[in-house]
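The structure appears below as C-alpha cells.
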There are 2 protein chains.
Amino acid sequence: MRDIVIIGHKAKTSGDISLNDLPGSAGRMDILCRCVSSALFLSFGMRRDVIVHLLLLGDPDPGKIIRFEGLHLRYLNPDERSSGSLIQKALQKDATEQDIRSTPGVWIRRGDFKSLLSEFEGRTLLYLREDGEDIRELSSEIRDPVFVLGDHTGVTEEEEKQLLEAGAKIISVGPISLHSNHCITLVHNELDRAEAKRGESPGEADCRVED
Amino acid sequence: MRDIVIIGHKAKTSGDISLNDLPGSAGRMDILCRCVSSALFLSFGMRRDVIVHLLLLGDPDPGKIIRFEGLHLRYLNPDERSSGSLIQKALQKDATEQDIRSTPGVWIRRGDFKSLLSEFEGRTLLYLREDGEDIRELSSEIRDPVFVLGDHTGVTEEEEKQLLEAGAKIISVGPISLHSNHCITLVHNELDRAEAKRGESPGEADCRVED
C-alpha cells in the first residue's frame, strides 16, 4: 500500500467551488487535482494500491479530509475538472468526524493534520523536502510508505514539527524543487522500479474490485 | 536545450474548443495541456531551456503545430485551463506554413510529423516506448535531446517508421506504462540529475528574458 497526503493550506472547504476557477476562488484546488491524478493513474488503468488523502485547510470551514481509495474508485478521469468534480461532490456532504462516502472510492470527514498522522502509526512516514536524503538511496528498503507533501506554500513549521515528532524521514526526489504532482510521479517511479526488481508487480493495476 | 514533441491524434484544430471540455469535444486536448505543464514548470519558475511542440492531427483542419518556448513564455500557469487557453488562442490564428506568434512564447504553423522531424536533424532523437532501453542506462550521455511521445493512442506504425528512419533511439522510463505527462516528468528528472552530477545548473530556471 502507498498512502499519499497532500496539504492544501488555501483549499476551499465548501461545496460551492467553481470547476472553471480551481486555481483562483477554489484556493489552488488545481494543485490537489493534479496530485490526485498523478497519484492514481497508470496509462491503462488505476493504481489500486494507492490511497490519497487531501487535507483541506482553507475557508470557510477548515479541517476537512477527502480520501481517494484506488481500490474502490469510480468516475475519475485524469483531467483536473474530473478530480475537481469529485472533490466538489465530497465537499457538498455535511462532513462529521466519521467518514461519509460521497462517490465510490471517495470519502470525506472532519480532521486536522495531527488526527491524520495518527492513522499512520507504525507505517514508514516520508516527508518530501528539497534537502532530504535522495529517495534513490533508500527506495529498495521502502515498504508500506506514507508520503507527505505540501502545496505551493510547502509545509508549515508546525506541520514539520508534527511530522518529525511522528518519526518522519525527510527525502528528496532530485536536484531541483518541483511541483507536488511531479514529485508524486517520481516517487511512484522509484517504488515501481524497486518492486519490479524484487519480482513484484508494480502498480497492481489489475486487482480491480467492484463495490 | 530539451525539445519535447507530443502527437495529439484527435486534438481539435479549430479555435472554437471549449476550455470546459478539453477531454471531450476538444479531442483529448487535456493530455496535451498536462504535457505542456509537465514539460515547462519548475516549483518556482519555468524551464527556460525547454521547447514543446504539439502536433495536432484532429478535425477539422489536421496538421497544425503549436510551439511553446520556455525562454519567451508568458501568461502560462500550471493548470490545464491555462495551457488550454493559450492553445485556443493559437488555434484562433490563421495558420500558414510560416510561424505566427499568438501570445509571447507561443507560435503556430501548418505542418505534419515529417516536416517537424526534419527540424531536428543532427539532434539526439529519443522515442518513448514501454519496451525501450532504460533511460537510466544512458542519461549521462544524453545531450541536446528531442523526446517524442504519443497521446493515449500511442504512436502510429507510420509515425514509428518515420522516427526510426530519422535515427530515433527507443527508450523507456520504467517498468509500467504511464501517461505522457508523467513520462515527461521522469525524463526531466533523469536529465536534471545527470546535469547536476556534471556540475551544471539543471532547469536553467533563472535565465529569464523579457521579449
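Below is a table of values for the structure above.
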quantity	calculated
Any chance A:Ile142 is in contact (Cβ under 8 Å) with a residue 12 or more places away in the chain and over 15 Å from the mean Cα position of the chain (by Cα)	yes
Meets criteria (more than 14 Å from chain A (Cβ to nearest Cβ), more than 24 Å from B:Glu158 (Cβ to Cβ) and acidic (Asp, Glu)) for B:Glu69	yes
Within the range A:166-180, tally of residues that are within 24 Å of A:Ser118 (Cα to Cα) and either within 11 Å of chain B (Cβ to nearest Cβ) or assigned to a strand (DSSP E or B) (or both)	5
Any hit, the range B:138-149, residues being under 29 Å from A:Leu191 (Cβ atoms) and within 11 Å of another protein chain (Cβ to nearest Cβ)	no
Residue count, the range B:84-114 (criterion: touching a strand residue (DSSP E or B) at 6+ places or on another chain (Cβ under 8 Å) and not in a loop (DSSP other than H, G, I, E, B))	14
Any hit, the range B:154-161, residues being at pLDDT below 95 and either within 9 Å of chain A (Cβ to nearest Cβ) or in contact with a strand residue (DSSP E or B) (Cβ under 9 Å, 6 or more places away or on another chain) (or both)	yes
Where B:Ser83 falls short, out of the listed (1) free of Cβ contacts under 8 Å to residues at least 40 places away in the same chain; (2) surrounded by 24 or more Cβ atoms within 10 Å (Cβ to Cβ); (3) polar (S, T, N, Q)	(1)
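Yes or no, residue by residue, for (1) among the aliphatic types (A, V, I, L, M); (2) touching a Lys or Arg at 6+ places or on another chain (Cβ under 6 Å); (3) surrounded by fewer than 24 Cβ atoms within 10 Å (Cβ to Cβ):
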residue	(1), (2), (3)
A:Lys12	no, no, no
A:Pro23	no, no, yes
A:Val36	yes, no, no
A:Ala39	yes, no, no
A:Leu42	yes, no, yes
A:Tyr75	no, no, yes
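The values are calculated or read from the model by the stated rules, or taken from the named source; none is laboratory data. Predicted, not measured: the structure shown is a model, and the values here were computed from it. Don't worry about glycine lacking a Cβ; one is built from the backbone with ideal geometry, like all the others, and counts go over all protein chains shown.
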